[in-house]
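A short write-up of the structure that comes next.
Please treat every number below as a calculation from the coordinates, not as lab data. Predicted model only: the values in this text are computed from it and were never measured. Ideal geometry is used to build each Cβ from the backbone, glycine not excepted, and the neighbour counts take in all protein chains shown.
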Amino acid sequence: MPNIKSAKKRVLVSQAKAAQNKAAKSAIKTDLKKFEAAVAEGNRSEAEGAYKVAVKAVDQAVGHGLLHRNNAARKKSSMTIKLNKLA
């Protein structure tokens, strides 16, 4: 444990941000799983709604620095291909 006051604060802030990042990444994974489930069922309308939510979540994660932009592009491309195969 740090002895300096600013270092103590930095530890607390780091823990809080790590918790926020973990929660946000978990939410993204949940959105992706909901999309995958809709595709597995073959439900086009539900898949389209889940697709929009998932793409928005991935884009926001890039904006917040949680995902690399290439990783996000790969995820979105993969989802788009799966959605188009449902047609």
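Filtering 71, 84, 21 for residues that are under 30 Å from residue 2 (Cα atoms) and of a type outside the set (A, V, I, L, M, F, W, C) leaves a single hit, 21.
Every residue, every condition in (1) touching a strand residue (DSSP E or B) at 6+ places or on another chain (Cβ under 9 Å); (2) basic (Lys, Arg); (3) touching a residue at least 40 places away in the same chain (Cβ under 8 Å); (4) more than 20 Å from residue 87 (Cα to Cα), yes or no:
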residue	(1), (2), (3), (4)
14	no, no, no, yes
18	no, no, no, yes
22	no, yes, no, yes
37	no, no, no, no
40	no, no, no, no
68	no, no, no, yes
75	no, yes, yes, no
